[in-house]
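The values are calculated or read from the model by the stated rules, or taken from the named source; none is laboratory data. The shown structure was predicted, so the numbers you read here are calculated from the model rather than taken from an experiment. As a convention, Cβ positions derive from the backbone with ideal geometry for all residues, glycine included, and neighbour counts pool all protein chains shown. Areas reflect the complete protein model, heavy atoms only, side chains present, ligands, DNA and RNA absent. Shrake-Rupley method; radii C 1.70, N 1.55, O 1.52, S 1.80 Å.
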Amino acid sequence: IYRDLTFEKFSELRINNRIKNLNRILSKPSYIFLMNFMKSDVYINTKIEILKMIETFMLRRHICEMRTSEHDDVFSKMNKCLNTNNIVDEVNNLLLEYYPTDDMFKLNFPMHQFKGKLIDRAKYVLEMMEYHLTGDTEEYTINQGNQVHLEHIVPQTIDTKKSKVEFGDWETYLGENSQALHKKNINKIGNMTLLAAPLNISASNNPFEDKKEKYIQSNIKITKDLKEYDEFKFKEIENRGNKFSSMALHIWKLN
């Protein structure tokens, strides 16, 4: 079971997709429960429902930076739910005891720093928002790995000679105090989108205008929608993050 959880190797594709989501957002503590749960005789649809609940729970807690030390305790307690008549309600009620409020989640979501080992978490979040915007019909999935990249709209580096050759002079474009503000905003979800590898970005004297031409070619709605912006600076990162935050409340929620 541990191997199947780690490598997403269950016989049911829908199960593997949910497990993959948990792994991408760094939810290893849930294995304390899943090791028993995944070998139980619970119906497939019920398993998928509970996996989605755990996904929501863990994403919210990560975003709100709540105490990770509680996770082991929560998932240990969840094992007791396996012996109940209505496991979905029991799991839901238990998770709600440790669940970040809507206000807390909405406040923290646009401020969360998706950097380092959290890149997969950022891609997961953007993919889920894309599916939500396009109706969540499960008719298509966004490619992962090197096929679709996590794109920083304002580049990760703006003040080196190399970055100015590759991406244009963002330091001047962003204006006064750009270096300090850049560090605070570069890894927020409002500055991120998904972009296919072939849509490489080349240098330009007007950095965002050049990027926008590539974004328009994308089939990904959250990327194509960037065409609506006349410019993209720190205020746009904030506004876009707040817009995403309102959407996130509808995507990641427990009953």
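Tabulated data for the structure shown
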{"read-out": "Relative contact order [Cα under 8 Å, 6+ residues apart], the chain, whole percent", "value": "20"}
{"read-out": "Additional length obtainable on full extension of the chain from Tyr98 to Asn242, 0.36 nm per residue less Cα span", "value": "49.4 nm"}
{"read-out": "Those lysines that a straight Cα-Cα span of less than 21 Å connects to Lys80, excepting residues fewer than 8 apart in one chain", "value": "Lys28, Lys39, Lys47, Lys52"}
{"read-out": "Inter-site label distance for Leu107 and Asn85 at 7 Å from Cα along Cβ, in nm", "value": "4.1"}
{"read-out": "Heavy-atom surface of the stretch 78-156, accessible at 1.4 Å and reported per residue (Å²)", "value": "55"}
{"read-out": "Set Lys188/Lys235; Lys164/Lys224; Lys164/Lys211; Lys115/Lys188; Lys106/Lys253 screened for pairs whose C-alpha atoms are more than 19 Å apart", "value": "Lys164/Lys224"}
{"read-out": "Hydrodynamic radius by Kirkwood, which averages 1/r over all alpha carbon pairs of the stretch 122-236, in angstrom", "value": "14.8"}
{"read-out": "Choice from Glu213, Glu238, Glu70 with maximal GNM fluctuation in the chain (Cα, 10 Å cutoff)", "value": "Glu70"}
{"read-out": "Gyration tensor over alpha-carbon atoms, the stretch 169-238, equivalent ellipsoid semi-axes in Å", "value": "21, 14, 11"}
{"read-out": "Inter-label distance, nm, simple model (7 Å from Cα along the C-beta direction), Ala197/Met66", "value": "3.8"}
{"read-out": "Net length gained if the chain between Asn206 and Leu13 were fully extended (0.36 nm per residue, minus Cα distance)", "value": "65.0 nm"}
{"read-out": "Distance in nm between pseudo-label sites at Tyr140 and Lys20 (7 Å out along the Cβ direction from Cα)", "value": "1.6"}
{"read-out": "Tyr173 accessible area, assembled protein chains, probe 1.4 Å, Å²", "value": "40"}
{"read-out": "Candidate aspartates and glutamates - alpha carbon under 16 Å from Lys221, same-chain residues fewer than 8 apart omitted", "value": "Glu127, Glu130, Asp136, Glu138, Glu139, Glu151, Glu213"}
{"read-out": "Loop sites in the stretch 106-149: chymotrypsin sites (Phe, Trp or Tyr not before Pro), DSSP, at most 16 other Cβ within 10 Å", "value": "Tyr140"}
{"read-out": "Accessible carbon and sulfur surface of the chain relative to its total accessible area, %, 1.4 Å", "value": "47"}
{"read-out": "Among Lys117, Lys233, Lys188: highest mean-square fluctuation, GNM of the chain, C-alpha pairs under 10 Å", "value": "Lys117"}
{"read-out": "More than 35 Å apart - percent of Cα-Cα pairs taken over the chain", "value": "22"}
{"read-out": "In Hz, Karplus ³J(HN,Hα) per residue of the stretch 209-219 (6.51, -1.76, 1.60; θ = phi - 60°; x = Gly, Pro)", "value": "4, 5, 5, 4, 4, 6, 4, 4, 6, 6, 8"}
{"read-out": "Convex hull (Cα only) mean projected area of the stretch 1-127, reported in nm² to one decimal", "value": "7.7"}
{"read-out": "The stretch 110-228: relative contact order as a whole-number percent, Cα under 8 Å and 6+ apart", "value": "30"}
